[in-house]
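This report refers to the structure that appears directly beneath it.
The values are calculated or read from the model by the stated rules, or taken from the named source; none is laboratory data. Source: prediction; values computed, not measured. Cβ: placed from backbone, ideal geometry, glycine included. Neighbour counts: every protein chain shown. Heads up: the accessible areas ignore ligands, DNA and RNA and are worked out on the full protein's heavy atoms, side chains in. Shrake-Rupley method; radii C 1.70, N 1.55, O 1.52, S 1.80 Å.
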Amino acid sequence: MSVIQGILLGFLQGVAEFLPISSSGHLTVVQYLFGLEEVPLLFDVFLHLATLAAVCLYFWRKIWDLLKCLGRWISRKDATEEDVIGRKNIIAIILSTIVTGVLGVVTSKLIPEMSIKVTCAGFLVTALLLIVSSKIGKKNTDEKEKPVSKVQALVIGFMQGIGTLPGISRSGSTIAGAMMCGVNRSFAGDYSFIVSIPAILGAFVLELKDIGEVSQTIGAAPVIAGCAAAFAVGYISLALLMKMIRKGNLQWFAAYLIPAGILGMIFLK
C-alpha cells in the first residue's frame with residue numbers, strides 16, 4: 001500500500017465513520033477496487049482509532065462529566081441530581097457495550113466470508129434504517145435530555161452490534177436504534193458516539209494479534225498518513241453530522257446509499 005492510498009482510505013474513513021453511510025463497507029469496496037484485498041483487519045481498526053480520537057475531542061466535556069460522575073460514585077459521595085442521571089447513563093453504556101461485544105464476536109466470524117455484494121446490500125439496510133428512524137424521530141419533539149433506560153441500552157447495543165457488519169453503518173444503526181426506542185434526536189447522536197468508545201477500543205485489543213502483519217504488508221508510513229487523514233476529516237464530519245441529527249435530516253443519506261447499494265450489487269463481483 002502506498003502513502004497516497006493510505007491517505008485516501010483515511011479520508012474515506014473520516015467521512016464515512018461519522019456520516020451514516022458505513023465506513024467499513026466503503027473501506028471494503030475501495031480496498032476491493034484498489035486491489036488491496038489482503039489488508040489486515042487491524043489496519044481498519046487503526047483508522048477507527050483515529051476517528052475515535054476525534055470523538056473524544058469533540059465530546060470531551062460530556063466524557064469528562066461522566067468520568068467525574070463515575071469517580072464520585074466509586075468514592076461513594078452523595079449523589080446530586082446530575083449524578084443520578086450520569087450513573088444511569090454509565091450503566092446504560094456498560095449494558096450497550098456488553099451486547100455489542102457479544103454480537104461483535106459472532107459477526108467477526110462472518111465478515112471474512114461475506115462477498116462484496118453482501119456489503120453493498122448492507123448499504124440498502126442502512127438506508128432503510130435511516131428512513132424509518134427519521135420518521136420516528138420527528139414525532140419525538142421532547143428535547144429534554146433524559147437518561148437512557150436499561151431496555152433502551154440493550155436495543156442500542158444490539159443495533160451497534162449489527163453495525164459491525166460491512167455495509168451497515170455503526171453510527172447510523174446506533175442512532176436509528178436510539179431514536180426508534182424513544183431517545184430524542186440530539187441525545188441519540190451524543191450517546192451513539194460516546195458508546196462507540198469502548199466498542200472500538202475492544203475491537204482494537206482483539207485485533208492486536210495482527211500488528212506484525214500490518215507492518216509487513218502495509219508499512220508504518222501509510223498507516224500514519226491514513227490515521228492523520230481520518231482524524232482531521234473525521235472531526236469535521238462529526239461536527240456536520242451532529243447538526244444534521246438535530247435537524248432530523250438523516251434520511252438524506254439514503255438518497256446516496258440506495259443507488260450505491262444497487263449499483264454495487266449489479267457491477268461488483
Kindly report the accessible area of the chain per residue (heavy atoms of protein chains, probe 1.4 Å, no ligands, DNA or RNA), in Å². 48 Å²
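Please list 74-86, 230-242, 52-64 highest first by mean number of surrounding beta-carbon atoms within 10 Å per residue.
Working: 74-86: 11.6, 230-242: 20.1, 52-64: 15.8.
Put in order of decreasing packing, that is 230-242, 52-64, 74-86.
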Spin-label point model (7 Å from Cα, Cβ direction): what's the Ile91 to Ser149 distance in nm? 1.3 nm
Given points 7 Å out from each Cα along the Cα-Cβ axis, report the Trp64 to Leu128 separation in nanometres with one decimal. 4.3 nm
Top mean-square fluctuation among Ala127, Ala225, Ala188, Gaussian network model of the chain, C-alpha springs under 10 Å? Ala225
Contour excess over end-to-end distance, with Cα ends at Leu263 and Leu201 and 0.36 nm allotted per residue: 19.0 nm
³J(HN,Hα) across the range 67-83 via Karplus (A = 6.51, B = -1.76, C = 1.60, θ = phi - 60°), whole Hz, x for Gly/Pro? 5, 5, 4, 4, x, 5, 5, 5, 7, 6, 7, 4, 7, 7, 4, 5, 5
Between 0 and 90 degrees, rounded to the nearest ten: what's the tilt of helix 170-180 against the longest Cα principal axis of the chain? 40 degrees
Given [x] 1, 6, 12, 16, 17, 18, 15, 10, 4, 1, 0; [y] 1, 6, 13, 17, 19, 18, 12, 7, 4, 2, 1, 0, 0; [z] 1, 5, 11, 14, 16, 15, 12, 9, 6, 4, 3, 2, 1, 1, 0, 0, the label whose value is P(r) over Cα pairs in 5 Å bins from 0, in percent derived from this model: [y]
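How much length is gained on full extension from Thr80 to Leu57, taking 0.36 nm per residue of separation minus their Cα-Cα distance?
Values: separation 23, 0.36 × 23 = 8.28 nm, distance 2.62 nm.
Roughly 5.7 nm would be gained on extension.
Using the Cβ atoms and a cut-off under 14 Å, what net charge is assigned to the surroundings of Gly157, where Lys and Arg are +1 and Asp and Glu are -1?
Numbers: positive: Lys150, Arg170; negative: none.
Around Gly157, the charge tally is +2.
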Share of accessible surface on carbon and sulfur in the chain, whole %, 1.4 Å probe and ligands ignored, is 70 percent
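For Ala232 and Tyr32 in the same chain, what is the full-extension length gain: residue separation times 0.36 nm, less their Cα-Cα distance, in nm? Write down the numbers at each step before the final one.
Working: separation 200, 0.36 × 200 = 72.00 nm, distance 2.44 nm.
Once the chain is fully extended between Ala232 and Tyr32, it gains 69.6 nm.
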